[in-house]
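Student: Handing you a structure now.
The numbers here are math on the coordinates, done by the rules we state, and not lab data. Small disclaimer: the values here were computed from a predicted structure and weren't measured. Please note: Cβ atoms are built from the backbone with ideal geometry, for glycine as well, and neighbour counts cover all protein chains shown.
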Amino acid sequence: MKATVFLGGGRITSALIAGLRLAGYGQPVVVHDRHSEKLQHLRREYGVIAEPDLHRAVEQAHLLIIAVRPDSVRELLKEIGSRCIARGSTAISLAAGIPLAKLRTWLRPSVRWARAMPSPVCRTRQGLTAIAFGHGFSNSARAKVTNLFAQVGGVVEIPERRFDAFTVTFSSSHGYHALAALIKASQAIGLDRKTAHLAAAHALADGIACWRTSNLPLEELLQEAATPGGIAAAVMASLDKAGYPKVIAQGLRAGVSRARKNAKS
């Protein structure tokens, strides 16, 4: 039986496999990585097939998932070459910033390429994955890719030209970073560590969950939470005056810049 094959056993592979196992994913999962300790960890934790030989791993793939750092993609595809990958195979790159045009150049043209950007939150099946399809995908081939990521959360298909903007916007790092900053600031004004975590997590996670389930406009919820002349309104006004929106925009631009540098690698 052909398998879902991951080339790269790092954090995003681990998160995806954790989510797939929670979903009861029935296909065999093979992982190749240069580091034997990563392979053994994934084998013990999730029951994957650990394959230290790159070409043997690729030969087993019905879906080949490239899950290495962007600066390693070209060398990996060069090492794969054309002798162990079947014509018409489907390959999915998780490498941020590397365009489909380069992927097609670096591996035999008969391979169907898609790009996918899954969130690490997929380990709990609450993730979100963006997909951009290249040329040559039939409806059934598209469905095979989409169904894989649908096992671990929502899926959205977007044009490749918008991929970098989506990547820098949807990262769960925004939430974690904001949570850490809010916890630290609340402790500085007098909350103990446990209460700071509780209050900050409610402010971010529960507030956003309310927005997602209430169907109320964000502007209306902002008005509800921040009464004019009240405490929340004073906090938001101070943040805006300090340049909070500009800092967020600056951060996103830095992420897009990094993705474009990846594309030039």
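Student: Build a GNM of the chain with springs between Cα atoms under 10 Å: which of I85, I189, I66 gets the top mean-square fluctuation?
Tutor: I189
Student: A further question on this structure: Please list the three semi-axes, largest first and in whole Å, of the ellipsoid equivalent to the chain, using sqrt of 5 times the eigenvalues of its alpha carbon gyration tensor.
Tutor: 39, 20, 17
Student: Using +1 on the beta carbon of Lys and Arg, -1 on that of Asp and Glu, and nothing else charged, what's the dipole of the chain about the Cα centre, debye to 20?
Tutor: On the way: 35 positive and 18 negative charges, 202 e Å.
I would put it at about 980 debye.
Student: Among bridges DSSP assigns within region 3-163, what percent are antiparallel (round to 5)?
Tutor: So the antiparallel bridges in region 3-163 amount to around 20 percent.
Student: Quick one: grab the alpha carbon gyration tensor of region 38-194, order the square roots of its eigenvalues as a ≥ b ≥ c, and give me rounded if a/c is under 1.5, else prolate or oblate depending on whether a/b is larger than b/c.
Tutor: Because a/c hits 1.5 or more and a/b exceeds b/c, region 38-194 counts as prolate.
Student: Take every Cα-Cα distance within region 173-263, group them into 5 Å bins from 0 onward, and report for each bin the whole-number percent of pairs it holds.
Tutor: 2, 11, 14, 21, 23, 15, 8, 4, 2, 0
Student: Can you give the FRET efficiency to the nearest 0.05 for A242 and F166, using r as the Cβ-Cβ distance and R₀ = 35 Å?
Tutor: 0.80
Student: Could you compute the net charge surrounding Q27? Neighbours are other residues with a C-beta less than 14 Å from the C-beta of Q27; K and R count +1, D and E count -1. All intermediate terms of the calculation are to be shown ahead of the outcome.
Tutor: Values: positive: K2, R21, K144; negative: none.
It works out to a net charge of +3.
Student: Provide the FRET efficiency to the nearest 0.05 for the R193-A254 pair, computing r from the beta carbons and using R0 = 35 Å.
Tutor: Between R193 and A254 the formula returns 0.70.
Student: Related question: Could you give the size of the charge dipole of region 173-263 about its Cα centre, using +1 on the Cβ of each K and R and -1 on the Cβ of each D and E, expressed in debye and rounded to the nearest 20?
Tutor: 680
Student: Moving to a separate point now. Just name one of A209, A237, A185: the one whose Cα is farthest towards the positive end of the charge dipole of region 173-263 (beta-carbon charges, Lys/Arg +1, Asp/Glu -1).
Tutor: Of the candidates, A185 comes out farthest on the positive side.
Student: To the nearest 0.05, what FRET efficiency results for A101 and T227 with a Förster distance of 45 Å applied to their C-beta separation?
Tutor: With R0 = 45 Å, the Cβ-Cβ based efficiency is 0.30.
Student: At 222 nm, what value in deg cm²/dmol follows for the chain if DSSP H runs of at least 4 each add -39500 (n - 2.57) and the sum is divided by all its residues, to the nearest 500?
Tutor: That comes out to -15500 deg cm²/dmol.
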